[in-house]
Amino acid sequence: MLGLRRLLLKSRSGLRLQHTAPVAVKNEPIFDFKQGSSERQALEKALHDLKGKTLEVPCVIGGEHVWTNDIQYQLCPFNHSHKVAKFCYADKDLINKAINAALSAHQEWDLKPVEDRAQIFFKAADLISGLRRAELLARTMFGQGKTVIQAEIDAAAELIDFFRFNAKYAVELQHEQPISEPPSTNSTLYRSLEGFVAAVSPFNFTAIGGNLAGAPALMGNVVVWKPSDTAMAASYTVYKILLEAGLPPNVIQFVPSNGPVFGDTITESEHLAGINFTGSVPTFKTLWKLVSQKLDKYRTFPRLIGECGGKNFHFVHSSADVVSVVNGTIRAAFEYGGQKCSACSRMYVPDSLWPEIKKNLLEEHKKIKVGNPVDDFETFFSAVIDDKSFARIKKWIEHAQSSPNLTIIAGGKCDDKTGYYVEPSIIESKDPHDPIMKEEIFGPVIAIYVYPDNKYQEILHLIDTSTPFGLTGAVFAQDKNVVAEACKVLRYSAGNFYINDKSTGSVVAQQPFGGSRISGTNDKAGGPHYILRWTSPQSVKETHTPLAKWKYPYME
Ligand code: NAD
């Protein structure tokens, strides 16, 4: 546990300014789960204990466990006969009850010193790093269909890093103070937002759910958290860990609910102070529109933070290192079945390199094992999240099968008998404007366009202009002039930009994450500025000598 050295200084008014030493935090090491290692044994035990089991997940409102009659199930993606969680949807009245319960806790929580709030998140991170790691990984594997390493980098490493780094940034933010000129002293109070924050999380990262609810809470806000139906078991486990770490019961309300019912209800409340959303573009647009339609209701302008989808690219120049391109693309396109917001789903390859890249991609493709990540640790990725996702991706494959511009050069089969399985699919497109080169697929499908070497400048402009997204992208080139040119042309095409590295794999505090254009509000989760979105600072000036007269010298 990291100790916080706190020095309290008293200003002449008695206002207490807190000065805290910088907090040393490092990225959580990632375990490699080798045969016989203690982490492997702990994980195997947790997986064994949870196999075939169903976790009961209530709504947690005002500190009470509540069940409604609207029962739902979270199914295991790679074995849909396994119900991973049983939960219920909160209705409108219950969501309103959650809002009121949160508001009742606001003042006390907001006034608590930030160091004390931070300690709770350091403690939660320690619990996940130690005692609760194996359970949280196992729930993420069964519930969201992740492999060992994908669960580890998400539910352990990233979530721990979010909690620890945000806590560090929150404590250090207190040092950001204005200058003072005699006879006055100035200070900034980092108040929370006035009202409640609604956190709406996606299925694909356990860590994101914890961060969407956790970061505003750390900054003194009260939160009404709607977890994703298809990440329910892991989200509830994170919530319980926060309570175990000392989070007061009413600070975060845990409110599983139907998306549109939740969206409609929270935007009706005059106390809505912010929405912390990660998910698809259409859902975020819906929420933004609801807020704008109801703008006259609110006591304050709600902060809208949304991290959404992408159509992430790999641009390959003729000077690129082929091995990096091939290995990076296999990982970026297919890890977690292409269900990372940063997954590479379009690639542009010069014709001089295409024969070699194609040959190597097809060879590596043959080695990819898709299957049950719990029973077979050699699995590279597993089934996609649910039936809706399966049907959507299948449509893209059918589009590729029927379009004369498109050729499926590897994969292309789908099978949902036991789980929602889609083969890793590589599609060559003759048309850079085919919808498959422009729209988010969110599955294990990559589309490749081969261009004449000497047209690379046109291709850079095409990458920049042919989709409305701006999330992640990568440039593979050894020629430094080309890299410089690509950086310039693609300046706004990606919030996270990679040079000779794949488009995925951002690490908290190393590559703060987020994109602009329709990919989101680019608030850079995992960076030092993210927490600023969850404060409404107050500037305080205190003057220590009386104002003796109102006239200015020149008037006399
Ligand atoms: P989604 O938009 O379907 O759902 C996200 C959340 O919104 C869920 O909890 C859902 O129940 C809820 N929801 C749906 N309709 C709603 C409504 N009308 N009002 C309020 N809430 C509503 O997204 P998903 O399928 O869970 O996640 C995948 C998407 O998320 C992809 O587009 C992916 O690119 C994106 N994503 C982006 C990032 C990022 O950081 N940019 C990270 C992860 C995922």
Completion exercise
Over the Cα atoms of the chain the radius of gyration and the largest Cα-Cα distance (Dmax), both in Å, equal 25.1, 92
Exercise for the section: Kindly identify the stretch 470-526 as rounded, prolate or oblate by the Cα gyration tensor criterion: order the square roots of the eigenvalues as a ≥ b ≥ c, call it rounded if a/c is under 1.5, otherwise compare a/b with b/c, prolate if a/b is larger, else oblate. Expected result: oblate
Problem - Long pairs among LYS297/LYS524; LYS340/LYS455; LYS83/LYS146, criterion Cα-Cα beyond 27 Å - result: LYS297/LYS524; LYS340/LYS455
Completion exercise
Computed over the stretch 428-517, the convex hull of the Cα set has an average projected area, in nm², of 6.3 nm²
Fill in the blank from the handout: Heads up, the stretch 93-148 by the C-alpha gyration tensor (a ≥ b ≥ c square roots of eigenvalues; a/c under 1.5 rounded, else a/b over b/c prolate, else oblate) looks oblate
Exercise for the section: Sort 73-83, 401-411 for me by packing, meaning the mean count of neighbouring Cβ atoms within 10 Å per residue, highest on top. Expected result: 73-83, 401-411
Handout entry: Cα gyration tensor category, rounded, prolate or oblate, for the stretch 351-398 with a/c compared to 1.5
Key = oblate
Fill in the blank from the handout: Among GLY411, VAL482, PHE196, the residue whose Cα sits farthest towards the positive end of the charge dipole of the chain, when +1 is placed on the Cβ of each Lys and Arg and -1 on the Cβ of each Asp and Glu, is PHE196
Exercise for the section: Before rounding to the nearest 500, sum -39500 (n - 2.57) across all DSSP H runs of length at least 4 in the chain and divide by the residue total; then give [θ] at 222 nm in deg cm²/dmol. Expected result: -10500 deg cm²/dmol
Handout entry: the chain - share of DSSP beta bridges that are antiparallel (%, nearest 5)
Key = 40 percent
Handout entry: Total charge dipole magnitude, the stretch 242-370, about the Cα centre, Cβ charges on Lys, Arg, Asp, Glu only, Debye to nearest 20
Key = 220 debye
Completion exercise
Quarter of the surface of the C-alpha convex hull for the stretch 399-556, i.e. direction-averaged projected area in nm², equals 18.9 nm²
Handout entry: Charge dipole (debye, nearest 20) of the stretch 463-556; +1 at Cβ of Lys and Arg, -1 at Cβ of Asp and Glu
Key = 260 debye
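In debye, nearest 20, what is the charge dipole magnitude of the stretch 136-177 about its Cα centre with +1 on Lys and Arg Cβ and -1 on Asp and Glu Cβ, if you could check?
200 debye
Would you mind calculating the relative contact order of the chain from Cα pairs under 8 angstrom and at least 6 residues apart, reporting the percent as a whole number? All intermediate terms of the calculation are to be shown ahead of the outcome.
Working: 1200 pairs, mean separation 90.0, N = 556.
Once divided by the residue count of the chain, the mean separation gives 16 percent.
A short reminder: the numbers here are calculations on the coordinates, not readings from a lab. Note that the structure is a prediction, hence the values are computed from the model and not measured. Cβ atoms come from the backbone with ideal geometry, glycine included; neighbour counts cover every protein chain shown.
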